[in-house]
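Worksheet for the structure shown next.
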Amino acid sequence: MLKLLSLSLSLSLSLFMVLGQSSTYASSQQASHLRLDPLLERVEVSLQAHQALVEQLRLDRETLLALGSAAGDDLQTIFVAMSKDYRDAVESAVSVSSAIAGVNQTAITLFEAWREEIGDLTEPRLKADNEAQFTASWQRYEELIQSLQRSEAMIDPVLADLKSNLVYFKHALDESSVASRKTELSDTGNHTQALINALTSSVVMSKAFQKSMQ
């Protein structure tokens with residue numbers, strides 16, 4: 001009877017310890033997610049800015065290609081639309097760059113604070129758990145910011161292409177001028193599509209990062 005009681009107490013104690021460790025780990029994991037909430041808010045702002053730029057660039061590309069097949073009075077109408085689309089694209093691009101900078105600044109601040117907190121931990125299991133979560137979260141963040149910065153680096157060259165076409169047609173808007181510049185229009189359209197693809201990839205990465213932090 002005593003042996004059974006001792007065994008029962010031993011099992012109960014083991015179960016208590018396991019549950020306690022599980023609870024500690026879950027609490028630690030939840031704390032790490034809460035710690036990065038400000039970063040997730042910045043990522044959401046960036047995601048929305050990227051989506052807005054993608055939609056704007058699609059309009060720019062459509063208008064650009066429409067000019068290549070336009071004639072007569074349609075040339076002026078499309079040129080005016082191109083000018084507006086370009087200005088809107090520049091504005092959206094500024095929002096994207098600002099959002100990416102906000103993401104990076106917030107991430108650096110939060111991860112540095114987290115690293116300092118880990119250094120102050122004395123309980124081995126809790127410290128190891130935090131270090132593992134820190135490493136995994138930082139790796140996911142690095143993948144995200146690299147994707148954002150790659151697509152951002154493509155923005156200015158595309159805007160320069162769009163502006164170059166505007167400047168050219170501002171001084172020579174007729175069918176022969178459009179015909180002579182079809183290669184440049186096609187190249188700009190391709191570059192714009194490549195940027196759209198890169199920005200869309202960044203949107204996908206942003207959503208994946210958000211999901212991994214939930």
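The values are calculated or read from the model by the stated rules, or taken from the named source; none is laboratory data. Only a predicted model underlies this, so the values are computations on that prediction, with no experimental measurement involved. Reconstructed Cβ throughout: ideal geometry from the backbone, glycine too, with neighbour counts over all protein chains shown.
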Original post:
Residues of region 91-107 being surrounded by fewer than 17 Cβ atoms within 10 Å (Cβ to Cβ) and either more than 30 Å from ARG35 (Cα to Cα) or in contact with a Ser or Thr (Cβ under 8 Å, 6 or more places away or on another chain) (or both), which ones?
Top reply: GLU91
Original post:
Which condition number does ASP60 fail, the rest of (1) crowded, with 16+ Cβ neighbours inside 10 Å; (2) touching an Asp or Glu at 6+ places or on another chain (Cβ under 6 Å); (3) not in a helix (DSSP H, G or I); (4) not polar (S, T, N, Q) being met?
Top reply: (3)
Original post:
Does at least one position in region 174-183 carry a residue that is out of contact with any Lys or Arg (no Cβ under 8 Å at 6 or more places or on another chain) and under 26 Å from GLU91 (Cα atoms)?
Top reply: no
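Inspect region 145-158 for any residue being over 29 Å from PHE111 (Cβ atoms) and either within 28 Å of the chain's Cα centre (by Cα) or assigned to a helix (DSSP H, G or I) (or both) and give the result as yes or no. Give the derivation first.
Residues of region 145-158 that are over 29 Å from PHE111 (Cβ atoms), as a first pass: 157-158.
Okay, now just the ones that are also either within 28 Å of the chain's Cα centre (by Cα) or assigned to a helix (DSSP H, G or I) (or both), so 157-158.
Checked region 145-158: at least one residue is over 29 Å from PHE111 (Cβ atoms) and either within 28 Å of the chain's Cα centre (by Cα) or assigned to a helix (DSSP H, G or I) (or both).
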**OP:** Find all pairs meeting these conditions: Cβ atoms under 7 angstrom apart; at least six residues apart or on different chains; first residue within region 145-174 and closer than 13 Å to PHE79 by Cβ; second residue among the charged types (D, E, K, R) and assigned to a helix (DSSP H, G or I).
**Re:** LEU162/ASP60; ASN165/GLU184
Original post:
For region 63-74, which residues satisfy the criterion of being in contact (Cβ under 8 Å) with a residue 40 or more places away in the chain and surrounded by 14 or more Cβ atoms within 10 Å (Cβ to Cβ)?
Top reply: LEU64, LEU65, LEU67, GLY68, ALA70
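Is there a residue being on the phi < 0 side of the Ramachandran plot and either modelled with pLDDT under 90 or among the acidic types (Asp, Glu) (or both) anywhere in region 47-54? Even if it seems obvious, please write down each step before you answer.
At the first step, the residues of region 47-54 found to be on the phi < 0 side of the Ramachandran plot are 47-54.
Narrowing further to those that are either modelled with pLDDT under 90 or among the acidic types (Asp, Glu) (or both): none.
Within region 47-54 (the criterion being on the phi < 0 side of the Ramachandran plot and either modelled with pLDDT under 90 or among the acidic types (Asp, Glu) (or both)), the answer is no, since none of the residues qualifies.
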**OP:** Determine if region 72-84 includes at least one residue that is basic (Lys, Arg) and either at pLDDT 95 or above or not in a helix (DSSP H, G or I) (or both).
**Re:** yes
Original post:
Could we say that SER97 is closer than 30 Å to ALA172 by Cα, among the small types (Gly, Ala, Ser) and in contact (Cβ under 8 Å) with a residue 12 or more places away in the chain here?
Top reply: no
Original post:
Which residues, counting only those in region 120-135, are without any contact (Cβ under 8 Å) to a residue 40 or more places away in the chain and either assigned to a helix (DSSP H, G or I) or exposed (fewer than 13 other Cβ atoms within 10 Å of the Cβ) (or both)?
Top reply: ASP120, THR122, GLU123, PRO124, LYS127, ALA128, GLU131, ALA132, THR135
Subject >> LEU162 under 20 Å from the mean Cα position of the chain (by Cα), assigned to a helix (DSSP H, G or I), surrounded by 13 or more Cβ atoms within 10 Å (Cβ to Cβ) and not basic (Lys, Arg) >> reply: no
Subject >> Answer from GLU117, GLU112, GLU142, GLU91 - the residue that is assigned to a helix (DSSP H, G or I), within 20 Å of GLN214 (Cα to Cα) and not hydrophobic (A, V, I, L, M, F, W, C) >> reply: GLU142
Subject >> Selection from region 85-121 of residues that are closer than 12 Å to ILE145 by Cβ, of a type outside the set (A, V, I, L, M, F, W, C) and out of contact with any Leu (no Cβ under 9 Å at 6 or more places or on another chain) >> reply: GLY102, GLN105
